[in-house]
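Heads up, the thing below is written out as structure tokens.
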Amino acid sequence: MCGIVGYVGPRQAQDVIVEGLRRLEYRGYDSAGVAVVDEAAGLIASDKRAGKLANLEKALGVDGLPAATTGIGHTRWATHGAPNDVNAHPHLGAEARVAVVHNGIIENFAALRTALENEGHRLVSETDTEVAAHLLERAVADGADLTSAMEEVCGRLEGAFTLVAIDSQDPDRVVAARRNSPLVVGMGDGETFLASDVAAFIEHTRDALELGQDQVVTITRDGVEVTTFDGEPSEGLHYVVDWDLSAAEKGGYDWFMRKEIFEQPRAVADSLLGRHTEDGALQLDEVRITEDELRDIDKIIVIACGTSFYAGLVAKYAIEHWTRIPCEVELASEFRYRDPILTRDTLVVAISQSGETADTLMAIRYARSQRAKVLAICNSNGSTIPRESDAVIYTHAGPEIGVASTKGYLTQLVACYLLALYLAQVRGTRFGDEIATIVRELEEMPQHIQHVLDGSDAVYDLARRYVDHRSVLFLGRHAGYPVALEGALKLKELAYIHAEGFAAGELKHGPIALIEEGLPVFCVVPPRGRDQLHAKMLSGIQEVKARGARTLCLAEEDDDAITPYADEIVRLPKVSTLLQPLLAVVPLQLFACELATLLGHDVDQPRNLAKSVTVE
Ligand code: AGP
């Protein structure tokens, strides 16, 4: 998820663009760049720097770029290619005639890049974006105008992308295209804006045009033209923005956390992009551990902290079931002090959203000192933990601003499933058609998650009715047990109340003494496909209900067996047991977010917490 700005109008383009990028910096801060059409020289003038926007502003200095009234800008959240000056956007074509900025993932960029290089093009970055710059420039050099060039090139791209481009030979025009990544137009008086979201231009105009799928938009001072990738006339959705600037940066939500909960369908879809072939075979090219080495792995140890540790607990079920490799899950802060048994055939999987958690970092340093191989699952490109690992699987959740992890957690689950399936594929512990079936189910998850989100009002109502409780328990079995732990953590870190997760089968061995009249108990009910699990969970629900608990059940849509024992039911789409955590955790995220809001807490920055714990 990156921040994009385009401008055409009477003002200095650089100033408008840099100010717009500042409003979008929460969308990514790995690097920033700006490019303008220097009409006097008939050239593109640009500058780009790794790091926060301030680095770019320092490089631009007082004079800045040459005077120009047309330009584009970008603040990056790295997906392909480390966050450095070369990989920063904008990217230029071979003759530096066209400049492009991009948000998203071009899945087929590798093949396109090879074709360009075979034609003699020299690409200098590791990014997928630079390929688009060369393709667009070749099209305009062949006589197409920038709009036609964008239509033609986008027809050849696969994946999710918003592209915005300028042509030094076509001043006073910015052209953009949108597929699966956000893009909105701001229509001012004699000036027009393009941006990833309205925060970039809301101080100049509230007159906006939302663009749809597979559309190209051309903006000039005088207005906007929308076409399809086939060049047919089309139109966007006009609306007037009624948010203030702060709300605009949160996409209209009250909290970044709530916005990030609702971004989860997109985040999961982006984390699956380009990681399997049409027939469901996994292709994790960023796993730099050879297949032979993966076949020699005889133990996996997952290490992480907090929510990431609970993602690791889910991973254990998937890894052991699909690969038959013994898998332990360890708190990073405990791992290196227990004298663990590690060999060169041990794979240590370090899960970290920030990539900077000190406990996890020290644990992987220890693991590598013991000759184990380390694979990082991380959301922050170029951060310390992936940099110090042998291999990495990046989650493509985009920046997670809320301290309480939500989309970071869900995309960690996706990465763990992909890793387990990849190991099963390499080691032959699952047939290709079995793996393809699971991949197809994963591909359906974004729409299932959206379905759960569509029921958010019922969960908010639940939070209002239970707002006065000072203790809540969470029960789960099998892959639902880590979900219960994560649900409890969300409530602890946001509502500051006692919340505890248990394996449902463990309740009768002591914790059931906690049950008293009216105590809310969330129950994560497994799918009925595995009867022994479902029946046992039903027993646990009956046990707590019989002792006066209020049972809040998360269960499949048509599971009527729980109805007699459930005081509240949140329905989930039917999915397989191992993948149900992707859905079951969402109502618990919503519940915790809403309860904390009702209690008047700062949901994005809960007391005593930090987004990344860089001390041991
Ligand atoms: C989760 O909501 C918390 N913010 C915290 O437990 C977090 O998951 C933990 O500190 C690990 O952070 P990491 O994923 O960035 O390593």
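The values are calculated or read from the model by the stated rules, or taken from the named source; none is laboratory data. This structure is a prediction, so every number in the text was calculated from the model and none was measured. Note that each Cβ is placed from the backbone with ideal geometry, even for glycine, and that neighbours are counted across all protein chains shown. Heavy atoms of the whole protein, side chains included, go into the accessibility calculation; ligands, DNA and RNA do not. Shrake-Rupley method; radii C 1.70, N 1.55, O 1.52, S 1.80 Å.
Looking at the structure I just gave you, is Asp242 modelled with pLDDT of 90 or more, open to solvent by 60 Å² or more (accessible area, probe 1.4 Å), away from the ligand (no atom under 16 Å from the Cβ) and within 30 Å of Gly600 (Cβ to Cβ)? No; evaluated as a whole, the condition is false for this residue. The helices (runs of 4 or more DSSP H) located wholly in segment 248-339 that include 1 or more residues which are on the phi > 0 side of the Ramachandran plot occupy 306-323.
Being open to solvent by 20 Å² or more (accessible area, probe 1.4 Å), in contact (Cβ under 8 Å) with a residue 60 or more places away in the chain, away from the ligand (no atom under 16 Å from the Cβ) and in contact with a strand residue (DSSP E or B) (Cβ under 8 Å, 6 or more places away or on another chain), is that true of even one residue in segment 303-323? No: segment 303-323 contains no residue that is open to solvent by 20 Å² or more (accessible area, probe 1.4 Å), in contact (Cβ under 8 Å) with a residue 60 or more places away in the chain, away from the ligand (no atom under 16 Å from the Cβ) and in contact with a strand residue (DSSP E or B) (Cβ under 8 Å, 6 or more places away or on another chain).
Consider Val439 carefully, then state whether it is more than 14 Å from the ligand (Cβ to nearest atom) and more than 19 Å from Ile261 (Cβ to Cβ). Spelling it out, Val439 is indeed more than 14 Å from the ligand (Cβ to nearest atom) and more than 19 Å from Ile261 (Cβ to Cβ). Confirm whether Arg179 is over 15 Å from Gly3 (Cα atoms) and modelled with pLDDT under 95. Spelling it out, Arg179 is indeed over 15 Å from Gly3 (Cα atoms) and modelled with pLDDT under 95. Selection of segment 511-543 for residues being touching a residue at least 12 places away in the same chain (Cβ under 8 Å) and more than 23 Å from Asp558 (Cβ to Cβ) yields Pro511, Ile512, Leu514, Ile515, Glu516, Glu517, Gly518, Leu519, Pro520, Glu543.
Would you point out which residue out of Ser196, Ser168 is among the polar types (S, T, N, Q) and farther than 17 Å from Ala99 by Cα?
Ser196
Within segment 110-134, the set of residues being touching a residue at least 40 places away in the same chain (Cβ under 8 Å) and of a type outside the set (Asp, Glu) comprises Leu112, Ser125, Thr127, Thr129, Ala132, Ala133, His134. Residues of segment 382-397 that are buried (at least 23 other Cβ atoms within 10 Å of the Cβ) and at pLDDT below 90: Ser383, His396. The residue pairs whose first member lies in segment 590-604 and is of a type in the set (Ser, Thr, Tyr), whose second member is open to solvent by 60 Å² or more (accessible area, probe 1.4 Å), and whose beta carbons are closer than 7 Å, counting only pairs six or more residues apart or on different chains, are Thr597/Asp254. Is it the case, given these coordinates, that Ala555 is open to solvent by less than 60 Å² (accessible area, probe 1.4 Å) and over 22 Å from Leu413 (Cα atoms)? No: the conditions fail for Ala555. The conditions of being over 24 Å from Ser271 (Cα atoms), touching a residue at least 12 places away in the same chain (Cβ under 8 Å), open to solvent by 20 Å² or more (accessible area, probe 1.4 Å) and touching a Pro at 6+ places or on another chain (Cβ under 8 Å) are not met by Ala50. Among the residues making up segment 519-537, those that are out of contact with any helix residue (DSSP H, G or I) (no Cβ under 9 Å at 6 or more places or on another chain) and open to solvent by 20 Å² or more (accessible area, probe 1.4 Å) are Asp531, Gln532, Ala535.
Taken over segment 562-616, the criterion of being open to solvent by less than 40 Å² (accessible area, probe 1.4 Å) and among the acidic types (Asp, Glu) is satisfied by Glu568, Glu594, Asp604. Taking the condition of being under 14 Å from Val153 (Cα atoms) and buried (at least 24 other Cβ atoms within 10 Å of the Cβ), how many residues in segment 110-131 meet it? Here the count works out to 4. Scoring Gly355 on the criteria (1) within 11 Å of the ligand (Cβ to nearest atom); (2) in a helix (DSSP H, G or I); (3) closer than 21 Å to Tyr422 by Cβ leaves a single failure, condition (2).
For His134, the stated conditions do not hold, so it cannot be described as closer than 16 Å to Leu163 by Cβ and surrounded by fewer than 24 Cβ atoms within 10 Å (Cβ to Cβ). Residue-level check: of (1) surrounded by fewer than 24 Cβ atoms within 10 Å (Cβ to Cβ); (2) away from the ligand (no atom under 12 Å from the Cβ); (3) in contact (Cβ under 8 Å) with a residue 24 or more places away in the chain, Arg368 misses just (3).
Quick check on my filter: what residues within segment 399-418 are within 16 Å of the ligand (Cβ to nearest atom) and part of a helix (DSSP H, G or I)? Those that are within 16 Å of the ligand (Cβ to nearest atom) and part of a helix (DSSP H, G or I): Lys407, Gly408, Tyr409, Leu410, Thr411, Gln412, Leu413, Val414, Ala415, Cys416.
Condition check: under 26 Å from the mean Cα position of the chain (by Cα) and more than 26 Å from Ser576 (Cβ to Cβ). Does Ile289 satisfy that?
Yes.
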